[in-house]
There are 2 protein chains.
Amino acid sequence: MNWEANVRKVVPYTPGEQPFLRDMIKLNTNECPYPPSERVQRVLREFDASDLRLYPDPGALGLTEALAAHFGLKREQVFVGVGSDEVLALSFLAFFSGGKPVLFPDITYSFYEVWAQLYGIPYRCPALDEGFRLKKEDYLTENGGIVFPNPNAPTGLVESLETVEEIVAGNPDSVVIVDEAYADFCGISAMGLVDRYENLLVVQTFSKSRALAGLRIGFAAGSPKLIRYLNDVKFSFNSYTMNRLTIACGKACLEDEDWFLKTVGKIVSTRERMKAELKSLGFSFPDSGANFLFVRHESVPARQLFSALREAGIFVRHFDRPRIDDYLRISVGTDEEADRLTAFLNGYLKKS
Amino acid sequence: MNWEANVRKVVPYTPGEQPFLRDMIKLNTNECPYPPSERVQRVLREFDASDLRLYPDPGALGLTEALAAHFGLKREQVFVGVGSDEVLALSFLAFFSGGKPVLFPDITYSFYEVWAQLYGIPYRCPALDEGFRLKKEDYLTENGGIVFPNPNAPTGLVESLETVEEIVAGNPDSVVIVDEAYADFCGISAMGLVDRYENLLVVQTFSKSRALAGLRIGFAAGSPKLIRYLNDVKFSFNSYTMNRLTIACGKACLEDEDWFLKTVGKIVSTRERMKAELKSLGFSFPDSGANFLFVRHESVPARQLFSALREAGIFVRHFDRPRIDDYLRISVGTDEEADRLTAFLNGYLKKS
């Protein structure tokens, strides 16, 4: 029995745990602490289940057109997928096939490395500077493609639109993917550049700022040519990935701008409050423009805090990786969750 | 601007068209002509949309466990994906990495070739015999993996369980994938063999016999080791592919065995009626065990019939490929749809 010789061996990505405990505070996977727009509930109540017997539109047209309208783009400039992870996974397959190393930061979304390994794409990881800032000159050398998040994860740091544009403009021979999973929490986005740069792909998600992690919606905007190539690869993988319910719910959610502005506003305001409170408790952190903080305490090691928080039913994320193993990533929750977090830390740190 | 040098160029799969016309008869993509179980509608009515703010369980546990219970398997033997296309696409990536050619029939589901090309997997396509039967000796030669549908598509022909088992048993050094998208319509399945053969993966779908093409649910059953390898690749591609609504609806649908038996029974009975009627109109066809017929007329070319049917608002499928370009694939619809089809053909053929 040697069938295993034909098997692709990979070290898979480890997603944040999904615990189910009463009264827990779940600040470990950067979900939205508020329910989605009520229009989503209405779609579910009114959806005719008999429509589900038919395949969905393979291009998820209803949602693609709504996104194009929302961002002032043409339909041919938008691509949707099952979470931004699917959009990114297919983009790696589509755009990073040249054989030269793809570039992404040493500290970043850990899935980039997993995709590169899955597809056998060579890659290089220029180190962020001491303050976790991207050094743009690292991305102006020869490469087979570039990808980075802005704001970066798990640091939360935002690079200016000027820096992003310099990297895109300086790489006419590569596709540059800007992963904007958290962009709605800082208001800086390269979306406005896609009409000017044929090689720029901007990826966003409904999982964070739109409170629909459980529905799996991601999307990309780029030049019609880039989107066509991405669709060719997508249609070679799975013609129908976005289901009928998701298309309908996603469209309804996108159209509720009032809900969106109010929800993002609340999260940003809690984040700024958490910054002040954690600072007064002896934590330091890069200045986050995302819906999480990446914090280190002046005296108590991250690992110890992680365990203590966990025992108290407060779930945060710790990455056992070089340079960041003394940090915790804490999602921004509701004000009540922030209160419970700081109350616990206040008590715990006094005892330590 | 030479970024296109890094782009993967592929010839994508062409899905059957999804027309939206009033009064059309859609017999082109093998969907179920009846609505899904009423339990699905109930799930939608009762689902709390606020749950959608949280990521789903990455292993789609609720649905995986329901499938394991349904088929008398362990949870570790079941894998779910976004339609059987995702399950198959990930299986190609996971199991066909050995470098030796993968085998599948020359006339079969055309996506197999697309996946092989997408991933750069070498492949060979042994010819079916004149009656479109698989010659099992073709699959007892050296190979890097085997995949075939049973019943085959687009012929509808069913190979016996003995033939399937001989191929599985004769290939201990390869993973053998049996694609059973249509197995519920013939009652022959290799599901009962997965406990005995570590190298056998059986793939099924909710898109045909369970009337949920619009929800995108496929699954695979195999040895725990095979499923573990498949999960490793899946978690390296996208951790969360199956959304919360789909998990809940899929589980509810699976549990309604009465609906399932009744629905499959109606489709099989209409299929047998269609066989008799089409035969009397001068059509011949392999004896289908699926929810479609693969028919050729004794005097009128398929292309001509395809256009005439289309003009009459009756959509069927024609494949412009060697050996089968004089056939039409016609999905089994309701009895009323079958009546309208034969009434039209009867009139048209009299005029021809």
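The values are calculated or read from the model by the stated rules, or taken from the named source; none is laboratory data. None of the values given here were measured: they were computed from a predicted structure. Glycine also receives a Cβ, built like all others from the backbone with ideal geometry; neighbour counts cover every protein chain displayed.
Some notes on this structure:
- Residue tally, condition surrounded by fewer than 21 Cβ atoms within 10 Å (Cβ to Cβ) and either modelled with pLDDT under 95 or out of contact with any helix residue (DSSP H, G or I) (no Cβ under 9 Å at 6 or more places or on another chain) (or both), over region A:247-272: 5
- B:G222 vs. criteria in contact with a strand residue (DSSP E or B) (Cβ under 6 Å, 6 or more places away or on another chain), touching a residue at least 60 places away in the same chain (Cβ under 8 Å), small (G, A, S) and farther than 30 Å from A:G81 by Cα: no
- Single residue of B:T108, B:T64, B:T29 found to be at the interface with chain A (Cβ under 9 Å from one of its Cβ atoms), within 26 Å of A:K234 (Cβ to Cβ) and under 24 Å from the mean Cα position of the chain (by Cα): B:T29
- Scanning region A:256-276 for residues that are touching a residue at least 24 places away in the same chain (Cβ under 8 Å) and in contact with a strand residue (DSSP E or B) (Cβ under 9 Å, 6 or more places away or on another chain) yields A:R271, A:M274.
- Test: B:G59 is among the small types (G, A, S), over 20 Å from the mean Cα position of the chain (by Cα) and more than 12 Å from chain A (Cβ to nearest Cβ): no
- Region B:111-126, residues that are in contact with a helix residue (DSSP H, G or I) (Cβ under 9 Å, 6 or more places away or on another chain) and either touching a residue at least 60 places away in the same chain (Cβ under 8 Å) or within 14 Å of chain A (Cβ to nearest Cβ) (or both): B:F111, B:Y112, B:V114, B:W115, B:A116, B:L118, B:Y119, B:I121, B:P122, B:Y123
- Filter result for A:L63 (more than 30 Å from A:T108 (Cα to Cα), aliphatic (A, V, I, L, M) and surrounded by 20 or more Cβ atoms within 10 Å (Cβ to Cβ)): no
- Verdict on B:S91 being crowded, with 21+ Cβ neighbours inside 10 Å, within 10 Å of another protein chain (Cβ to nearest Cβ) and out of contact with any Pro (no Cβ under 6 Å at 6 or more places or on another chain): no
- Annotation: of all residues in region A:208-246 being assigned to a helix (DSSP H, G or I) and facing chain B (nearest Cβ under 7 Å), the one that is surrounded by the fewest Cβ atoms within 10 Å (Cβ to Cβ) is A:D232.
- Looking only at region A:10-26, and only at residues there that are touching a strand residue (DSSP E or B) at 6+ places or on another chain (Cβ under 9 Å) and in contact (Cβ under 8 Å) with a residue 24 or more places away in the chain, the one that is nearest to B:N238 (Cα to Cα): A:G16
- Residue in region B:290-308 that is at pLDDT 95 or above, assigned to a loop (DSSP other than H, G, I, E, B) and within 20 Å of B:S110 (Cβ to Cβ) present: yes
- Just one of the listed residues (B:F306, B:F315, B:F294, B:F319) is closer than 21 Å to B:Q18 by Cα, among the aromatic types (F, W, Y) and free of Cβ contacts under 8 Å to residues at least 40 places away in the same chain, and it is B:F306.
- Taken over region A:127-156, residues that are away from chain B (no Cβ under 11 Å) and more than 26 Å from A:V332 (Cα to Cα) amount to 9.
- Qualifying residue in region B:78-85 (condition: surrounded by fewer than 24 Cβ atoms within 10 Å (Cβ to Cβ), under 30 Å from B:F292 (Cα atoms) and in contact with a Lys or Arg (Cβ under 8 Å, 6 or more places away or on another chain)): no
- Applying the criterion of being part of a helix (DSSP H, G or I) and among the small types (G, A, S) to the residues of region A:309-352, the residue that is farthest from A:T14 (Cα to Cα) is A:G347.
Conditions (1) at the interface with chain A (Cβ under 7 Å from one of its Cβ atoms); (2) at pLDDT 95 or above; (3) touching a helix residue (DSSP H, G or I) at 6+ places or on another chain (Cβ under 7 Å), marked per residue:
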| position | (1), (2), (3) |
| --- | --- |
| B:W3 | yes, no, no |
| B:Q18 | yes, no, no |
| B:L21 | no, no, no |
| B:S50 | yes, yes, no |
| B:A69 | no, yes, no |
| B:L73 | no, yes, no |
| B:Q77 | no, yes, yes |
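- Taken together, B:K74, B:K100 contain a single residue that is touching a residue at least 60 places away in the same chain (Cβ under 8 Å), among the basic types (K, R) and at negative phi, which is B:K74.
Condition check ((1) surrounded by fewer than 15 Cβ atoms within 10 Å (Cβ to Cβ); (2) in contact with an Asp or Glu (Cβ under 9 Å, 6 or more places away or on another chain); (3) closer than 12 Å to A:A248 by Cβ; (4) among the hydroxyl-bearing types (S, T, Y)) across all residues:
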{"position": "A:V10", "(1), (2), (3), (4)": "no, yes, no, no"}
{"position": "A:P19", "(1), (2), (3), (4)": "yes, no, no, no"}
{"position": "A:I25", "(1), (2), (3), (4)": "no, yes, no, no"}
{"position": "A:N28", "(1), (2), (3), (4)": "no, yes, no, no"}
{"position": "A:C32", "(1), (2), (3), (4)": "no, no, no, no"}
{"position": "A:P36", "(1), (2), (3), (4)": "no, yes, no, no"}
{"position": "A:V43", "(1), (2), (3), (4)": "no, no, yes, no"}
{"position": "A:F47", "(1), (2), (3), (4)": "no, no, yes, no"}
{"position": "A:S50", "(1), (2), (3), (4)": "no, no, no, yes"}
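- In the set (1) at the interface with another protein chain (Cβ under 10 Å from one of its Cβ atoms); (2) of a type in the set (V, I, T); (3) touching an Asp or Glu at 6+ places or on another chain (Cβ under 6 Å), A:V203 fails one condition alone, (1).
- Single condition B:K262 does not satisfy, out of (1) under 21 Å from the mean Cα position of the chain (by Cα); (2) closer than 19 Å to B:G214 by Cβ; (3) basic (K, R): (2)
- When residues of region B:36-48 are limited to those that are closer than 23 Å to A:A211 by Cα and part of a loop (DSSP other than H, G, I, E, B), the one farthest from the other protein chains (Cβ to nearest Cβ): B:D48
- Only residues that are in contact (Cβ under 8 Å) with a residue 40 or more places away in the chain and under 19 Å from B:V264 (Cα atoms) were counted across region B:188-201, and they come to 3.
- Selection from region A:278-312 of residues that are surrounded by fewer than 16 Cβ atoms within 10 Å (Cβ to Cβ) and among the charged types (D, E, K, R): A:K279, A:D287, A:E298, A:R303, A:E311
- Leading residue by the ranking (farthest from B:G131 (Cα to Cα)) among those in region B:292-308 that are hydrophobic (A, V, I, L, M, F, W, C) and more than 24 Å from the chain's Cα centre (by Cα): B:A308
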